[in-house]
Amino acid sequence: MKNNTAIVKEVIINAPIARVWKALTDRDEMEKWYFNIKEFKAEVGFEFSFIAQNKECVDFLHLCKITKVETNKLLQHTWRYNGYPGDSLVTYELFDEEGKTRLKLTHEGIESFMGDIHPMLAKDNFNEGWEQIIKTAIKNYVEQTMQ
């Protein structure tokens, strides 16, 4: 995948890697900080989908397939939209930072969505969304459930 429009977000979460991994891969936990995903398994080849609304309340069906799993280290999946051109790749990486976890998200291939077809598929919207999801949603969820 081209990397010219990759979005990279990193955050330090005050929790051990195993706890962050569970939040990333447990369907029941994911719905508390991410999206309502009906079924999820951190297994290569597993396909999952979810619907998310944009600011104008338009539903977008996200279609994803797990491409790589290294327990407590890396989770990677494709990301595309039903009815729209383009394919991208989302990678979560976990690093130990003296008992805390550095979570790094990379979303590449966004240019394939051609944001001019639908403005909600523009890079700025992905950047905003991942900023909130990585730096606020998962961080706050994991740290609050550690207590």
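The values are calculated or read from the model by the stated rules, or taken from the named source; none is laboratory data. Worth saying up front: this structure is predicted, and the values here are computed from it rather than measured. Note that each Cβ is placed from the backbone with ideal geometry, even for glycine, and that neighbours are counted across all protein chains shown.
Tell me which residues, restricted to the range 89-134, are charged (D, E, K, R), farther than 18 Å from ALA52 by Cβ and under 12 Å from the mean Cα position of the chain (by Cα). Working first, answer last.
Step one: list which residues in the range 89-134 are charged (D, E, K, R), which gives 93, 96-98, 100, 102, 104, 108, 111, 116, 123-124, 128, 131.
From what's left, farther than 18 Å from ALA52 by Cβ: 93, 96-98, 100, 102, 104, 108, 111, 116.
Once the filter is applied, which keeps residues that are charged (D, E, K, R), farther than 18 Å from ALA52 by Cβ and under 12 Å from the mean Cα position of the chain (by Cα), the range 89-134 yields GLU93, LYS104, GLU108.
Just checking, does the range 42-61 include any residue being among the acidic types (Asp, Glu), touching a residue at least 12 places away in the same chain (Cβ under 8 Å), surrounded by fewer than 16 Cβ atoms within 10 Å (Cβ to Cβ) and part of a strand (DSSP E or B)? Looking through the range 42-61, at least one residue is among the acidic types (Asp, Glu), touching a residue at least 12 places away in the same chain (Cβ under 8 Å), surrounded by fewer than 16 Cβ atoms within 10 Å (Cβ to Cβ) and part of a strand (DSSP E or B).
The set of residues in the range 103-121 being modelled with pLDDT under 85, assigned to a loop (DSSP other than H, G, I, E, B) and not β-branched (Val, Ile, Thr) consists of MET114, GLY115, ASP116, HIS118. Residues being of a type outside the set (Asp, Glu), in contact with a His (Cβ under 7 Å, 6 or more places away or on another chain) and surrounded by 15 or more Cβ atoms within 10 Å (Cβ to Cβ) are entirely absent from the range 96-118. Within the range 80-108, can you find the residues that are aliphatic (A, V, I, L, M) and farther than 18 Å from ALA23 by Cβ? Correct list: LEU89 only. Filtering the range 1-41 to residues that are aliphatic (A, V, I, L, M), surrounded by 17 or more Cβ atoms within 10 Å (Cβ to Cβ), under 16 Å from the mean Cα position of the chain (by Cα) and assigned to a loop (DSSP other than H, G, I, E, B) leaves only ALA6. On inspection, ARG80 fails the criterion of being touching a residue at least 40 places away in the same chain (Cβ under 8 Å) and part of a strand (DSSP E or B).
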